[in-house]
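Down below is the structure, laid out as structure tokens.
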């Protein structure tokens, strides 16, 4: 309960760097601490760092592989424009000289 109230205060004040620092330390101290990774992921989302948020949610998937909430959240984050563009750019970079439309050509 107190942890949730503290989160609300930080989030409303846009104090995401403070939250990130706090929960990074907690996650380092106990890498399987679900709440530490969850609040860290949410802080990254609040800050607009969706790539780091995805990394934290992927850690949560490893800790709780049966929790579908983590998969849904990751899928939703992958729909954000900055993540979609990053993924598309990576695919194009890996693809080299091949054309993506109309089939692959070498």
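Screening 58, 45 for residues that are closer than 24 Å to residue 14 by Cβ and either out of contact with any helix residue (DSSP H, G or I) (no Cβ under 8 Å at 6 or more places or on another chain) or in a helix (DSSP H, G or I) (or both) leaves exactly one candidate, 45.
The residues of segment 1-37 that are part of a loop (DSSP other than H, G, I, E, B) and modelled with pLDDT under 90, listed by number, are 1, 13, 14, 15.
Set side by side, the residues 40, 77 differ, and just one is within 12 Å of residue 20 (Cα to Cα) and surrounded by 14 or more Cβ atoms within 10 Å (Cβ to Cβ), which is 40.
Is segment 74-90 home to any residue that is in contact with a helix residue (DSSP H, G or I) (Cβ under 6 Å, 6 or more places away or on another chain) and either more than 25 Å from residue 25 (Cβ to Cβ) or modelled with pLDDT under 90 (or both)? Yes, segment 74-90 has at least one match.
The values are calculated or read from the model by the stated rules, or taken from the named source; none is laboratory data. This structure is a prediction, so every number in the text was calculated from the model and none was measured. Note that we place each Cβ from the backbone using ideal geometry, even for glycine, and neighbour counts take in every protein chain shown.
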